[in-house]
Each structure stands twice: as C-alpha cells, then as structure tokens.
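To start, the structure under review is shown below, and the notes come after it.
The values are calculated or read from the model by the stated rules, or taken from the named source; none is laboratory data. Everything numeric here is computed off the predicted structure, so don't read it as measured data. Here Cβ is always computed from backbone atoms with ideal geometry, including for glycine, and neighbour counts include all displayed protein chains. These accessible areas exclude ligands, DNA and RNA; they are computed on the full protein's heavy atoms, side chains included. Shrake-Rupley method; radii C 1.70, N 1.55, O 1.52, S 1.80 Å.
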Amino acid sequence: MAERRQIVAAWTRDGSLEPLVQGGLTDADCDAMVENAIGKLAIPLGIATNFLINGQDVLVPMAIEEPSVIAAASNAARMIRAGGGFVASTDPPLTVAQIELRGADALAAEKVRAVADEILARSNAVQPQMVSLGGGAREVLVRSDVGDATRIVVHLVVDCRDAMGANTVNTMAEAIAPYLATVTGAQVGLRILTNLADRRLARASCQVPAAALARGDFSGEQVGAGIAAASDFATADPYRAATHNKGIFNGVDAVLLATGNDWRAVEAGGHAYAAHGGTYGPLGTWQWDGTQLRGEIEMPMAVGIVGGASRAHPAAAKCIEITGVTTAQELAQVAVCAGLASNLAALAALASEGIQAGHMKLHHRHTARSQP
Ligand code: MEV
C-alpha cells in the first residue's frame with residue numbers, strides 16, 4: 001500500500017494523500033456534518049487504473065466495500081484502452097426545481113408563462129453568487145399533464161456550474177413560490193428539485209477489439225457476441241435490467257462516494273431514467289459487429305466538485321484532485337466511464353467463465369482475513 005500511495009501522491013498538487021490515510025474526518029467534522037454523531041464508518045478506497053477518457057489518462061478513485069469491483073473496472077478499462085479509450089460528454093450542468101401549484105384554473109399555466117422573465121429574475125436575485133460564477137436560472141417550463149387537472153407544475157431550469165445544485169435550486173424554488181401563487185391564484189404545493197436530472201445527462205461510448213476480449217478458453221468473438229446477447233437480455237427483461245444496472249452503479253456509486261457526491265440522488269435519477277420509455281431498461285448497452293464490441297451509456301449525472309461533502313470532506317476533496325477534473329461535467333464523465341467499465345467487466349465474466357470464479361478468488365482474501 002505504501003508504494004501505491006507514493007505513486008498516486010505524485011498525481012496530487014501537494015504530493016500528499018494524508019486525508020485518505022487518516023480517513024479525512026475528525027470527530028468535530030462528523031459532529032458538524034450530521035446529527036447525533038457517535039463515530040464514523042470507514043470504507044476502503046482504491047484506485048481503478050487504465051482509464052483513458054477523451055485522450056487523457058485518469059486515475060479513478062473508488063470507495064466500495066465489495067471485493068473485485070475495482071480490479072474488474074481496471075481490467076475492463078484496459079480492454080477499452082485497446083480500442084482507443086472512452087469518448088465521454090455531458091449536457092450543461094442544468095438542475096431542475098419543481099414548484100407544484102394546486103387548485104389552479106385553466107388560465108394559470110398561461111399566466112406563469114407570461115411572467116417567465118420575472119420568475120428568472122427573482123430566482124437569480126436570491127442566488128447572486130451562482131450568477132456571478134456564470135450560472136443561474138435559464139428557463140421556465142409549465143406542465144399541466146401531472147394527474148389532477150387543477151395541478152400545474154413549474155419547472156425552473158438552473159445552470160448550477162460546478163455544484164450539484166440541490167441547495168441552489170431549492171432556495172430559488174422556495175423564493176419564487178409565493179410569487180407564483182399570487183400570479184395564478186393557486187396554492188403552493190411542493191418546492192423541491194427533481195432527481196430525474198434528464199437535462200444533465202452524461203454519456204460515454206467505447207469500442208473493444210475482439211483480441212482484447214479473449215479470456216481463458218473463450219475467444220474474443222465468443223465473449224463479444226456473449227456480451228451483446230447479455231445486453232439484449234437486459235433490454236428485454238426488467239428483472240435482468242435491474243441487475244445489469246446494479247453492475248453499472250458498482251462503478252458509478254464508488255466514484256460518487258469517493259468524491260463526496262450524493263449517490264442516492266444519482267441512483268434515483270438513474271433508475272427513473274432507466275424507465276423513461278415506459279419499461280425499465282439497461283442504462284448501458286453493447287453491440288457486436290463480428291470484430292468489434294461497441295458500448296454506450298447515457299444517464300443523468302448531477303454531481304458537483306464544489307459545495308457539500310465534495311469540498312467539506314478532506315478525503316473527498318483529495319479524491320477529486322486525484323482524478324484531475326476541473327469541472328463537475330468532467331467528474332460526471334469519469335463516473336459514467338466507471339459505470340460502463342464495471343458493466344463490461346461483469347458482462348465479460350457472465351458471458352464466459354461466470355461471475356463467481358473471479359469474484360470468489362478476491363472474496364477469499366477477505367474471508368481468509370476474517371478467520372479467527
Ligand atoms: C455484482 O455486484 C454485479 C453483477 O451482478 C452485475 C451483472 O449481473 O451484470 C455481476
């Protein structure tokens with residue numbers, strides 16, 4: 001571990017991994033972060049290697065208690081590197097707040113649309129810092145398709161720059177709700193962000209040549225075709241899609257936890273997005289053309305590198321530093337790439353020797369340690 005620390009420390013600004021060695025939090029930090037604190041729970045933090053994302057080498061910090069996930073992601077990233085690495089992109093960092101109005105009449109939606117500029121101005125007035133950083137409220141959408149005919153829901157679309165944005169948009173939503181009630185004559189209902197962050201999607205794709213997929217007694221062609229068949233299975237069956245997506249979240253959540261992000265929010269958004277066509281489906285898919293495997297992932301990725309634990313938790317801040325990202329959008333790309341790699345690793349094993357062979361080998365290290 002000492003040797004690994006030395007290598008990774010060289011990727012940081014101050015050449016030190018101190019917060020990771022210590023775990024990052026004092027009792028006083030814990031007491032300030034949550035209520036009724038009595039201690040802290042440590043989770044191992046490892047580095048997934050071989051990630052080449054948009055032409056850049058990236059060390060990917062992953063916090064996870066499950067054996068074999070980090071090795072599997074590193075192994076899959078090596079296969080993907082053989083095909084040129086990941087190509088990743090994101091939407092602008094738009095987070096959306098919902099303001100529900102109840103008891104609205106037929107003209108309410110039009111009345112809100114007519115004052116959209118005033119809504120944006122009032123929203124930005126309560127978050128001047130976000131505006132000064134280049135973000136702020138951008139768009140007002142009004143929905144009257146949400147169940148009850150007297151309910152309208154106003155979506156306030158906010159550019160949150162490098163923040164996840166929950167606090168920003170919730171503050172805006174609460175600030176403008178009374179104005180919306182006055183404009184429409186309706187009553188204010190809920191005022192809160194939506195975690196179905198479909199204006200903040202992150203995407204990654206990759207190609208893997210057959211030679212990089214060969215393993216054990218299985219040819220690259222067999223594994224590639226098997227992975228594509230597994231992808232089809234997930235598309236056809238929500239029971240399989242849930243497990244397929246669990247494999248994706250093995251990578252995504254581990255990066256989010258390591259970097260102090262709200263993984264529950266991303267999980268909620270990811271699963272809602274996986275069902276957006278009306279049936280729950282896979283967030284990542286794979287196609288085999290006979291010589292190359294092509295993989296793609298697209299999912300909501302509302303993450304931040306400022307605000308919340310990503311700054312307040314010294315170990316999370318250190319992990320963000322290790323990735324080398326300078327924007328929330330770049331961190332979102334790293335997270336989806338970790339998700340796609342974890343998915344590939346799981347499907348490659350499932351399409352060949354099965355998951356237990358590799359998983360149990362690493363798992364045994366753990367059980368050996370827990371023997372008295
Ligand atoms: C285990 O953590 C994840 C897998 O079940 C994912 C999958 O089945 O695709 C192996």
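Looking at region 126-195, the strands (runs of 3 or more DSSP E) lying wholly inside it that each contain 3 or more residues that are more than 21 Å from L94 (Cβ to Cβ) and in contact with a strand residue (DSSP E or B) (Cβ under 9 Å, 6 or more places away or on another chain) sit at 187-193.
Pull up region 214-252, narrow it to residues that are hydroxyl-bearing (S, T, Y) and part of a helix (DSSP H, G or I), then point me to the one that is nearest to the ligand (Cβ to nearest atom).
Taking the candidates together, the pick is T243.
Screening A211, A242, A236 for residues that are at pLDDT 95 or above and open to solvent by less than 70 Å² (accessible area, probe 1.4 Å) leaves exactly one candidate, A242.
Tell me the residue from L350, L293, L283 that is touching a residue at least 40 places away in the same chain (Cβ under 8 Å), more than 11 Å from the chain's Cα centre (by Cα) and within 17 Å of A72 (Cα to Cα), please. After ruling out the rest, the residue left standing is L350.
Would it be correct to say that R203 is away from the ligand (no atom under 16 Å from the Cβ), over 23 Å from T90 (Cα atoms) and assigned to a strand (DSSP E or B)? Criteria not met by R203.
Taking the criterion of being part of a loop (DSSP other than H, G, I, E, B) and buried (at least 20 other Cβ atoms within 10 Å of the Cβ), the residues of region 48-70 that qualify are I64, S68.
Scanning region 71-105 for residues that are more than 26 Å from G224 (Cα to Cα), among the β-branched types (V, I, T) and either open to solvent by 20 Å² or more (accessible area, probe 1.4 Å) or not in a strand (DSSP E or B) (or both) gives a single hit, T90.
Taking G304 as the residue in question, decide whether it is crowded, with 18+ Cβ neighbours inside 10 Å, more than 27 Å from I7 (Cβ to Cβ) and touching a residue at least 60 places away in the same chain (Cβ under 8 Å). Considered against the rule, which asks whether it is crowded, with 18+ Cβ neighbours inside 10 Å, more than 27 Å from I7 (Cβ to Cβ) and touching a residue at least 60 places away in the same chain (Cβ under 8 Å), G304 comes out as yes. Just one of the numbered conditions (1) more than 12 Å from the ligand (Cβ to nearest atom); (2) farther than 25 Å from V334 by Cα is not true of Y273: (2). Of all residues in region 311-355, those satisfying the criterion of being out of contact with any helix residue (DSSP H, G or I) (no Cβ under 8 Å at 6 or more places or on another chain) and within 16 Å of the ligand (Cβ to nearest atom) are E353, G354.
Among the residues of region 318-342, those identified as of a type in the set (S, T, Y) and closer than 12 Å to A48 by Cα are T323, S342. With of a type in the set (S, T, Y), over 30 Å from A210 (Cα atoms) and touching a helix residue (DSSP H, G or I) at 6+ places or on another chain (Cβ under 7 Å) as the only criterion, which of S68, S16 stands out? Step by step, each of S68, S16 is checked, and only S16 is of a type in the set (S, T, Y), over 30 Å from A210 (Cα atoms) and touching a helix residue (DSSP H, G or I) at 6+ places or on another chain (Cβ under 7 Å). On inspection, A211 qualifies as touching a helix residue (DSSP H, G or I) at 6+ places or on another chain (Cβ under 8 Å), away from the ligand (no atom under 16 Å from the Cβ) and within 23 Å of A73 (Cβ to Cβ). Taking first residues from region 222-237 that are without any contact (Cβ under 8 Å) to a residue 60 or more places away in the chain and partners that are part of a helix (DSSP H, G or I) and surrounded by 20 or more Cβ atoms within 10 Å (Cβ to Cβ), the Cβ contacts under 7 Å between residues at least 6 apart in sequence or on separate chains come to A234/A241; A234/H244. Restricting attention to region 20-42, does a residue exist that is within 15 Å of the ligand (Cβ to nearest atom), open to solvent by 60 Å² or more (accessible area, probe 1.4 Å) and farther than 15 Å from H313 by Cα? Among the residues of region 20-42, not one is within 15 Å of the ligand (Cβ to nearest atom), open to solvent by 60 Å² or more (accessible area, probe 1.4 Å) and farther than 15 Å from H313 by Cα, which makes the answer no. Among the residues of region 126-138, those identified as touching a residue at least 24 places away in the same chain (Cβ under 8 Å) and not polar (S, T, N, Q) are V126, M130, L133, G134, G135, A137, R138.
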